[in-house]
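Asker: I have a structure here, written as structure tokens, and I will follow up with some questions on it.
The values are calculated or read from the model by the stated rules, or taken from the named source; none is laboratory data. Predicted, not measured: the structure shown is a model, and the values here were computed from it. Note: ideal-geometry Cβ built from the backbone for every residue, glycine included; neighbour counts use all protein chains shown.
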Amino acid sequence: MKKYFIYALVAALFFLLCAKQNHAQSNVGSIAPDFTIKALDGREITLSKIKGKYVLIDFWGSWCRPCRKSSPMLVELYNQLKTKNADIEFISIACNERNDEVWEKAIKDDKLIWTQLKIDRNTGIKYNIAGVPTCILISPEGKILYREHPSSLIPKIKKMFEI
């Protein structure tokens, strides 16, 4: 019994250490962890290859009501930035999707016309995604500038780009 308790304790400490390290990698001011994920359209998207642009990553789920309520605000921001020819790339990463048809229908219904990815476990761990919606704004140099709910981040982005 003692032996199993020690194994469980060591495993728990290891998990906490890894979680703390991964959280530090995804803090504001740190370099955004790289990833390569296959997009809905079949392209492989590698974050580190998007150099010299701001990148807005929206972690969301088609099953998440707050995410779906944020979608019109993100679409409006996307359209305003596109009209202004802003140097920013939008990427949505769906979390915990169980049904591709439901996910694809939500993308179409919400008019999310930018790059769509489905999260893999490693990316979720690297970015310490504990809940959605979570938006992360990455600088052209690859640093995490903001990590917030879309409703609080969108006004900051509008201010940055003078919209």
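Asker: Give Val102, Val132 a once-over and let me know the one that is among the hydrophobic types (A, V, I, L, M, F, W, C), over 19 Å from Pro155 (Cα atoms) and touching a Phe, Trp or Tyr at 6+ places or on another chain (Cβ under 9 Å).
Answerer: Selected residue: Val102, the only one of Val102, Val132 that is among the hydrophobic types (A, V, I, L, M, F, W, C), over 19 Å from Pro155 (Cα atoms) and touching a Phe, Trp or Tyr at 6+ places or on another chain (Cβ under 9 Å).
Asker: Follow-up question, since we're still on this one. Pairs please, first residue from the stretch 89-102 and in contact (Cβ under 8 Å) with a residue 60 or more places away in the chain and under 17 Å from Phe35 (Cα atoms), second anywhere and surrounded by fewer than 20 Cβ atoms within 10 Å (Cβ to Cβ) and among the acidic types (Asp, Glu), Cβ atoms under 9 Å, 6+ apart in sequence or on different chains.
Answerer: none
Asker: If Gly61 satisfies every condition in (1) within 22 Å of Gly131 (Cβ to Cβ); (2) surrounded by fewer than 16 Cβ atoms within 10 Å (Cβ to Cβ); (3) of a type outside the set (S, T, N, Q) but one, which is the exception?
Answerer: Here Gly61 clears every test but (2).
Asker: Does Leu74 satisfy being under 18 Å from the mean Cα position of the chain (by Cα), of a type in the set (A, V, I, L, M), surrounded by 12 or more Cβ atoms within 10 Å (Cβ to Cβ) and at pLDDT 90 or above?
Answerer: So Leu74 fits the description; yes.
Asker: How many residues does the stretch 82-120 contain that are out of contact with any Asp or Glu (no Cβ under 9 Å at 6 or more places or on another chain), of a type in the set (A, V, I, L, M, F, W, C) and within 21 Å of Lys53 (Cβ to Cβ)?
Answerer: 4
Asker: Residues in the stretch 107-124: is at least one of a type outside the set (Asp, Glu), over 20 Å from Ile138 (Cα atoms), in contact (Cβ under 8 Å) with a residue 12 or more places away in the chain and surrounded by 20 or more Cβ atoms within 10 Å (Cβ to Cβ)?
Answerer: No: zero hits.
Asker: Pull out all pairs, ordered by first then second residue, where Cβ-Cβ is under 6 Å, the residues are six or more apart or on different chains, the first lies in the stretch 138-163 and is at pLDDT below 95, and the second is in a helix (DSSP H, G or I).
Answerer: Matching pairs, first to second residue: Ile163/Gln80.
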